[in-house]
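Undergrad: Please see the structure below; I have some questions.
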Amino acid sequence: MIIIADGGSTKTNWCLLTEDGKKVYFNTEGYNPYFSSIEYIINSLHESLPTDLEIDKITEVDYYGAGCSTEEKRKQVEIAMSAVFTSAKVNIGHDLLAAARALLGNGPGFAAILGTGTNTCLYDGKNIINNIDSGAYILGDEGSGCYIGKKLLIDYLRGYMPEVVRSLFWDTYKLTPDEINEEVYTKPLANRFCAGFSKFVYDNNVHIEYSRNLVKTSFEDFFKNLVTHYPDYQKYTFNCIGSVGYNFRNVLEEVATENGMTVGNIIRSPIDNLVKYHMEAAVSKV
């Protein structure tokens, strides 16, 4: 049996391919090696994998993860996965490669991730050939859930929110400025904490102009600081994976069009297309 997984910083989507061709889907939390230690990943998997999963019968794990952009970080995740899936060959790839394969298959083009974090690339149909560093959640990640959440929190702390939004924010979270600063600067997984507030923007329409402007300026920053710096970017279609890009796709499509790009695929999760890619690759090897 083979497992294919797409791991973001917040959530990992898994698909088990059984010997009789069935697909079994399940989720765990996300494991970004910049924030999750080997021990943490091992313990989390032991606690959250389905109890009826026959781990000893799994022969291959193809895991694509956020933060797995260097050999060192891929090795960290490989050690953790191998400690859990003891009978399997473990292959670790970057979640950006998963996005490119899911969005473009074997064709070349532009691919992006807009989830908890941000990433972008040009893909030649096999490999990523150009990638501008997103800067991660402290320095960059423009357009991501974390970026949107940070903009919302800044407006809250500085008193820039419309009063109706500020009141609802307080009623929803009951967070003081000191508590927010503690979460961001002293507790782990600050990126997840900030990204969680993008849901507030999506779920609440108490001030549509404010919410829409917050999202649009985040996507404008994403294009200004990342997308438009790729050579001849306008000759590619804009293809994107991730919950933030998908949930706010009407605004994202508007900003892409304003920047001269035709919109291609915008999907929430790559797992289905990624499974299809691996199944087709396996057939081609036969």
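The values are calculated or read from the model by the stated rules, or taken from the named source; none is laboratory data. This one's a predicted model, so the numbers in the text were calculated from it and none came from an experiment. Here the Cβ is made from the backbone with ideal geometry for all residues, glycine too, and neighbour counts use every protein chain on show.
Undergrad: Condition first: in a loop (DSSP other than H, G, I, E, B) and touching a strand residue (DSSP E or B) at 6+ places or on another chain (Cβ under 6 Å). Now tell me which residues in the range 259-273 satisfy that.
TA: Just the residues of the range 259-273 that are in a loop (DSSP other than H, G, I, E, B), to begin with: 259-261, 268-270.
The answer is Met261, Ser269, Pro270.
Undergrad: Within the range 162-202, work out how many residues are surrounded by 11 or more Cβ atoms within 10 Å (Cβ to Cβ) and in a helix (DSSP H, G or I).
TA: 27
Undergrad: I'm trying to understand the selection: among the residues of the range 48-68, which are part of a loop (DSSP other than H, G, I, E, B), out of contact with any helix residue (DSSP H, G or I) (no Cβ under 6 Å at 6 or more places or on another chain) and either among the β-branched types (Val, Ile, Thr) or touching a residue at least 40 places away in the same chain (Cβ under 8 Å) (or both)? Before the answer, list the steps.
TA: Residues of the range 48-68 part of a loop (DSSP other than H, G, I, E, B): 49-54, 58-59, 66-68.
Checking the rest, the ones that are also out of contact with any helix residue (DSSP H, G or I) (no Cβ under 6 Å at 6 or more places or on another chain) come to 49-54, 58-59.
Residues satisfying the conditions are Thr51, Glu54, Ile58, Thr59.
Undergrad: For the range 248-261, indicate whether the set of residues that are under 18 Å from Thr217 (Cβ atoms), free of Cβ contacts under 8 Å to residues at least 12 places away in the same chain and β-branched (Val, Ile, Thr) is non-empty.
TA: Within the range 248-261 (the criterion being under 18 Å from Thr217 (Cβ atoms), free of Cβ contacts under 8 Å to residues at least 12 places away in the same chain and β-branched (Val, Ile, Thr)), the answer is yes, since at least one residue qualifies.
Undergrad: Looking only at the range 121-161, how many residues end up being over 30 Å from Ser69 (Cα atoms), not in a helix (DSSP H, G or I) and not hydrophobic (A, V, I, L, M, F, W, C)?
TA: Applying the first criterion (over 30 Å from Ser69 (Cα atoms)) to the range 121-161 yields 155-161.
Filter again for not in a helix (DSSP H, G or I), leaving 159-161.
Filter once more, so that each one left must be not hydrophobic (A, V, I, L, M, F, W, C): 159-160.
The number of residues fulfilling the criteria is 2.
Here is a yes/no grid of residues against (1) at pLDDT 95 or above; (2) hydrophobic (A, V, I, L, M, F, W, C); (3) more than 21 Å from the chain's Cα centre (by Cα); (4) surrounded by 19 or more Cβ atoms within 10 Å (Cβ to Cβ):
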{"site": "Ser211", "(1), (2), (3), (4)": "no, no, yes, yes"}
{"site": "Phe223", "(1), (2), (3), (4)": "yes, yes, no, yes"}
{"site": "Tyr230", "(1), (2), (3), (4)": "yes, no, no, no"}
{"site": "Tyr233", "(1), (2), (3), (4)": "yes, no, yes, no"}
{"site": "Phe238", "(1), (2), (3), (4)": "yes, yes, no, yes"}
{"site": "Ser243", "(1), (2), (3), (4)": "no, no, no, yes"}
{"site": "Leu252", "(1), (2), (3), (4)": "yes, yes, no, yes"}
{"site": "Ala256", "(1), (2), (3), (4)": "yes, yes, no, yes"}
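Undergrad: Let me ask another. Answer yes or no as to whether Asn127 is within 14 Å of Ala5 (Cα to Cα) and touching a helix residue (DSSP H, G or I) at 6+ places or on another chain (Cβ under 9 Å). Before the answer, list the steps.
TA: Numbers: within 14 Å of Ala5 (Cα to Cα): no; touching a helix residue (DSSP H, G or I) at 6+ places or on another chain (Cβ under 9 Å): yes.
Spelling it out, it is not the case that Asn127 is within 14 Å of Ala5 (Cα to Cα) and touching a helix residue (DSSP H, G or I) at 6+ places or on another chain (Cβ under 9 Å).
Undergrad: For the range 1-38, what are the residues that are of a type in the set (Ser, Thr, Tyr), in a loop (DSSP other than H, G, I, E, B) and surrounded by fewer than 20 Cβ atoms within 10 Å (Cβ to Cβ)?
TA: So in the range 1-38, the residues of a type in the set (Ser, Thr, Tyr) come out as 9-10, 12, 18, 25, 28, 31, 34, 36-37.
Then drop every residue that is not in a loop (DSSP other than H, G, I, E, B), which leaves 9-10, 18, 31, 34, 36-37.
The answer is Thr18, Tyr34, Ser37.
Undergrad: Going through the range 78-97 one residue at a time, which ones are in contact (Cβ under 8 Å) with a residue 24 or more places away in the chain and either under 24 Å from Asn130 (Cβ atoms) or of a type in the set (Asp, Glu) (or both)?
TA: Taking the range 78-97 first, the residues in contact (Cβ under 8 Å) with a residue 24 or more places away in the chain are 79-81, 83-97.
Result: Asn91, Ile92, Gly93, His94, Asp95, Leu96, Leu97.
Undergrad: Being assigned to a helix (DSSP H, G or I) and surrounded by fewer than 24 Cβ atoms within 10 Å (Cβ to Cβ) is the filter here; which residues of the range 82-95 pass it? Don't jump to the end; show me each part of the working.
TA: Filtering the range 82-95 for residues assigned to a helix (DSSP H, G or I) gives 82-84, 95.
Ser82, Ala83, Val84 - these are the residues of the range 82-95 that are assigned to a helix (DSSP H, G or I) and surrounded by fewer than 24 Cβ atoms within 10 Å (Cβ to Cβ).
Undergrad: A follow-up question, please. Quick check on my filter: what residues within the range 111-132 are among the β-branched types (Val, Ile, Thr) and over 10 Å from the mean Cα position of the chain (by Cα)? First the steps, then the outcome.
TA: Taking the range 111-132 and keeping what is among the β-branched types (Val, Ile, Thr), we get 113, 116, 118, 120, 128-129, 132.
Once the filter is applied, which keeps residues that are among the β-branched types (Val, Ile, Thr) and over 10 Å from the mean Cα position of the chain (by Cα), the range 111-132 yields Thr120, Ile128, Ile129, Ile132.
Undergrad: Shifting gears a bit: Looking at (1) hydroxyl-bearing (Ser, Thr, Tyr); (2) farther than 30 Å from Lys199 by Cα; (3) surrounded by 24 or more Cβ atoms within 10 Å (Cβ to Cβ), which is the one condition that is false for Thr116?
TA: With (1) hydroxyl-bearing (Ser, Thr, Tyr); (2) farther than 30 Å from Lys199 by Cα; (3) surrounded by 24 or more Cβ atoms within 10 Å (Cβ to Cβ) applied to Thr116, the lone miss is (2).
Undergrad: Here's another thing I want to ask about it. Would you pick out the residues in the range 142-161 that are of a type in the set (D, E, K, R) and either within 23 Å of Asn247 (Cβ to Cβ) or buried (at least 20 other Cβ atoms within 10 Å of the Cβ) (or both)? Give the steps one after another, and end with the answer.
TA: First, pick out the residues of the range 142-161 that are of a type in the set (D, E, K, R): 142, 150-151, 155, 158.
Scanning the range 142-161 gives Glu142, Lys150, Lys151, Asp155.
Undergrad: List, please: which pairs have Cβ atoms under 6 Å, are six or more places apart or on different chains, and start with a residue in the range 20-43 that is within 26 Å of Thr118 (Cα to Cα) and end with one that is charged (D, E, K, R)?
TA: Sorted first by the residue in the range 20-43, then by its partner, the pairs are Asn27/Lys11; Gly30/Lys11; Pro33/Lys73.
Undergrad: Quick check: is even one residue across the range 230-241 over 18 Å from Gly149 (Cβ atoms) and without any contact (Cβ under 8 Å) to a residue 12 or more places away in the chain? Full working, then the answer.
TA: Narrowing the range 230-241 to residues over 18 Å from Gly149 (Cβ atoms): 230-241.
The next check asks that each one be without any contact (Cβ under 8 Å) to a residue 12 or more places away in the chain; those that pass are 232, 235.
Yes.
Undergrad: With respect to Lys276, determine if the residue is within 30 Å of Leu16 (Cα to Cα) and surrounded by fewer than 17 Cβ atoms within 10 Å (Cβ to Cβ). Talk me through it step by step, then tell me what you get.
TA: Values: within 30 Å of Leu16 (Cα to Cα): yes; surrounded by fewer than 17 Cβ atoms within 10 Å (Cβ to Cβ): yes.
The answer is yes for Lys276.
Undergrad: If we scan the range 35-47, do we find a residue that is modelled with pLDDT under 90 and not hydrophobic (A, V, I, L, M, F, W, C)? Spell out how you get there, then give the answer.
TA: Step one: list which residues in the range 35-47 are modelled with pLDDT under 90, which gives 35-36.
Now drop any that are not not hydrophobic (A, V, I, L, M, F, W, C), which leaves 36.
Scanning the range 35-47 turns up at least one residue that is modelled with pLDDT under 90 and not hydrophobic (A, V, I, L, M, F, W, C).
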